Amino acid sequence: MTRYDAMVVGGGHNGLTAAAYLARAGLSVLVLERLDHVGGAAVSAQAFPGVPARLSRYSYLVSLLPQQVADDLGLDLRLVSRPTASYTPTVRDGRPTGLLVERDEGEATRRSFRELTGSDEEYDAWRTFYDGVSRLAAAVAPTLTRPLATDAEVRAAVDADIWHDVVERPIGEAIERRFRDDLVRGVVATDALIGTFASLHGPGLAQNRCFLYHLIGNGAGEWRVPVGGMGAVTDALARAAVEAGAEVVTGAGVSRIVPGSGPGAGAEVHWHDGEREHVVEAGHVLANVAPWVLRILLGEGEDPATKPEGSQLKVNLLLSRLPRLRSGVDPAVAFAGTLHLAESATELEAAWAAAERGELPDPLPGEVYCHSLTDPSILGDVPPGTHTLTYFGLHTPARLFAADPAAAKAEALRRALASLDAVLEEPVEDVVLRGPDGQPCIEAKVPQDVEADLAMPGGHIFHGDLDWPWAPARARLETPAERWGVQTSYDAVVVCGSGARRGGAVSGLGGHNAAHAVLEQA
């Protein structure tokens, strides 16, 4: 076909979500994906030669995907809860110990707070704070799959003190006022910094928006493991799109989008398959690429000053067994949730300040997850005891790797493993599995790798800093695209990826909302 009702540029999970909704509504839909497979960052891959384990190589957990989207599209997808919310090793009075937070907080969590801090005060403050945050999440979550609510509407539904702490002032102020223990402060603060390079006290509040997104998924903020790995999410969405009638073409590099002039004029999409160029017309183009990339495709030029900058170190490992921790906690408990490393509030701020000066932080703060404890199906036929391990490092902006990427990445990996070794009874490299070629099963990716692999500018995993998931009360939202938070400068082109107002993470929200904006116009 040479004309479609809708074309989706980019076959990541948001693009597939949009395609499924539009095709189910009866529109003709073409999805164009540059790579030889769909899924973008939400893929499972065999990262190490000769080892069958399929790792969630980039994205790794799911929280923001609304149950409504899964139900609407009939997704064959199972998300599993992790028994541990987090474990944070530390040393107190010369003794290795740690803070355990259960997913369903009970007496073990209260006891852990008491043993760490000497009283129940911190845990009571924790419960008070997160009770307020949960009410904010419950107010925001249902709005994510509707036209944008206003800030005034959301504010009216939540406690004034939580709105002030999370929305109006730097989150670091609330954390310092509400909690006394430096380690507890850090555990709260980490949700404000995943994938976001900012100080806890930054006036721009990027850290506050990151904190909010990490805690509003389905009104509960629980981050779950997809059975079968992140590729299972993509596979379910791809099936939904194709079964509804959407066409999906891989190996299709889009080079230009040319909007028509005037309302209803549609747009032309120029793409190539490696041998020849194609030109296809569409009533609507849904761009599942970063806004910075979209501006280039629209012929608006490449402005380096506005290019996003990613800030994360992702390390995938396979272990012959889980290592022992100095605190004596069961590794199956500590690694089953989020294991915090060098993430007290003081260490987090010091790491940000170092990176802001152009220095790689030392110690390097980060978080560790063991997906195979929750979903062993991803391991395949491997020796007994084998486990995956994923490390996600904070405050490692792309600028730190620009001068000498290979050397800087090697040093960042060394410091990441050193942060882990600091809480272990044995060096993690002693239990790293080796493939048939004798090489250790360790893979590290810095922002430059993410950009090269996935065309995310600057390696920014959210396509740019997250925005508030509502509109200012004074905003004039006149078009369907504006009401759904997916507008561009052209009527025929909308954003359907993480760069949409309510994009970010593996949520499908960008695709859902762009599709609904198009359906309102169709």
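Across 10 Å bins from the origin, how do the percents of Cα pairs in segment 223-320 run, short distances first?
Values per bin, smallest distances first: 11, 28, 33, 22, 5, 1, 0.
Run the Debye formula on the Cα coordinates of segment 114-246, all scatterers equal and no solvent, and tell me log10 I(q)/I(0) at q = 0.13 1/Å.
At q = 0.13 Å⁻¹ the computed log10 ratios are -0.66.
Averaging the inverse of every distinct alpha carbon separation and then flipping it gives the Kirkwood radius. What is it for segment 349-430, in angstrom units?
Values: mean 1/r = 0.0695 Å⁻¹.
Hydrodynamic radius (Kirkwood, Cα only) of segment 349-430 equals 14.4 Å.
Using only the Cα atoms, what convex hull volume per residue in Å³ does segment 405-515 have?
Values: hull volume 19.9 nm³, N = 111.
It is 180 Å³ per residue.
Quick one, can you get me the convex hull of the C-alpha atoms of segment 400-470 expressed as volume per residue in Å³? Kindly include the intermediate steps, with their values, before the conclusion.
Details: hull volume 11.3 nm³, N = 71.
It is 160 Å³ per residue.
Can you pull the semi-axes for the chain, root of five times each eigenvalue of the Cα gyration tensor, sorted largest first, whole Å? Present the calculation step by step, with values, prior to reporting the outcome.
Numbers: eigenvalues 281, 146, 87 Å².
They are 37, 27, 21 Å, listed largest first.
Quick one: helix 107-117 against the long Cα principal axis of the chain, what's the angle to the nearest 10°, folded into 0 to 90?
Computed tilt is about 60 degrees.
How compact is segment 1-83 by the rule of thumb for globular proteins, expressed as Cα Rg over 2.2 N^0.38 Å? The partial results should precede the final answer.
Numbers: Rg = 15.4 Å, N = 83, 2.2 N^0.38 = 11.8 Å.
Dividing the Cα Rg of segment 1-83 by 2.2 N^0.38 Å gives 1.30.
Could you work out the Rg to Rh ratio of segment 63-140, with Rh taken as the Kirkwood radius (inverse of the mean 1/r over all Cα pairs)? Let's see the in-between values first.
Values: Rg = 17.0 Å, Rh = 15.1 Å.
Rounded to two decimals, Rg over Rh is 1.12.
What residues qualify as long-range amide H neighbours of residue 338, i.e. H under 5 Å apart, gap of 5 or more or another chain, H built at 1.01 Å from N?
86, 87
For helix 230-243, what angle does its Cα long axis make with the longest principal axis of the chain, in degrees from 0 to 90 and rounded to 10?
Computed tilt is about 20 degrees.
Compute the distance from the alpha-carbon center of segment 97-134 to that of segment 39-90, in whole Å.
27 Å
What is the dipole size for the chain, taken about its Cα centre, with +1 at each Lys and Arg Cβ and -1 at each Asp and Glu Cβ, in debye to the nearest 20? Intermediate values should be presented prior to the final figure.
Details: 45 positive and 69 negative charges, 55 e Å.
The dipole magnitude comes to about 260 debye.
When the helix-only estimate is applied to the chain (DSSP H runs of n ≥ 4, each -39,500 (n - 2.57), divided by the residue count), what is the mean residue ellipticity at 222 nm, nearest 500 deg cm²/dmol?
-9000 deg cm²/dmol
Based on a Kirkwood Rh over C-alpha pairs, give the Stokes-Einstein translational diffusion coefficient of segment 55-186 at 10 °C and viscosity 1.306 mPa s in µm²/s.
Numbers: Rh = 17.6 Å.
Using the Kirkwood radius from Cα pairs, D works out to 90 µm²/s.
Over the chain, give the accessible area per residue in Å² for a 1.4 Å probe, as an integer. Mind dumping the intermediate values first?
Details: 20210 Å² over 522 residues.
For the chain, the per-residue accessible area is 39 Å².
If you take all C-alpha pairs in segment 475-522, what percent of them are over 13 Å apart? Before the final figure, lay out each step's value.
On the way: 525 of 1128 pairs.
Taking all Cα-Cα pairs of segment 475-522, the fraction more than 13 Å apart is 47 percent.
If amide hydrogens are placed 1.01 Å from N in the peptide plane, which non-local residues have theirs closer than 5 Å to the one on residue 97?
Counting only residues 5 or more places away or on other chains, the set is 90, 91, 92.
Would you work out which of 109, 125, 142 lies farthest towards the positive end of the dipole of segment 88-157, given +1 charges on the beta-carbon of Lys and Arg and -1 on that of Asp and Glu, about the Cα centre?
Highest projection toward the positive end goes to 142.
Normalised by the residues of segment 303-404, what does the relative contact order come to in percent, with Cα pairs under 8 Å and at least six apart?
Values: 156 pairs, mean separation 41.6, N = 102.
Once divided by the residue count of segment 303-404, the mean separation gives 41 percent.
Let me check against my output: what whole-number percent is the relative contact order of the chain, with C-alpha pairs under 8 Å and at least 6 apart?
On the way: 1197 pairs, mean separation 124.1, N = 522.
24 percent.
If you take the square roots of the eigenvalues of the alpha-carbon gyration tensor of segment 240-387 and sort them as a ≥ b ≥ c, do you get rounded (a/c under 1.5), prolate (a/b over b/c) or oblate?
Note, shape of segment 240-387 comes out oblate.
So, with a 1.4 angstrom probe, what is the percent of accessible area on the chain that is carbon and sulfur? Let's see the in-between values first.
Details: 9660 of 20210 Å².
Answer for the chain is 48 percent, counting heavy atoms of protein chains only.
For residue 415, what accessible area in Å² do you get when you roll a 1.4 Å probe over the heavy atoms of the protein chains, rounding to the nearest 10?
Surface open to solvent at residue 415 totals about 50 Å².
Given H placed 1.01 Å from N in the peptide plane, which residues other than close sequence neighbours of residue 310 have an amide H under 5 Å from its amide H?
For residue 310, whose amide H was placed from the backbone, the distant partners under 5 Å are 398, 459, 460.
Averaging sequence separations of C-alpha pairs under 8 Å and six or more residues apart, then dividing by the length of segment 49-151, give the relative contact order as a whole percent. Intermediate values should be presented prior to the final figure.
Working: 63 pairs, mean separation 12.2, N = 103.
Normalised by residue count, the contact order of segment 49-151 is 12 percent.
The values are calculated or read from the model by the stated rules, or taken from the named source; none is laboratory data. Given the structure is predicted, the values throughout are model-derived calculations rather than measurements. Positions of Cβ are generated from backbone atoms using ideal geometry, with glycine treated the same way; all protein chains shown enter the neighbour counts. Note: areas computed on protein heavy atoms with side chains; ligands, DNA, RNA excluded. Shrake-Rupley method; radii C 1.70, N 1.55, O 1.52, S 1.80 Å.
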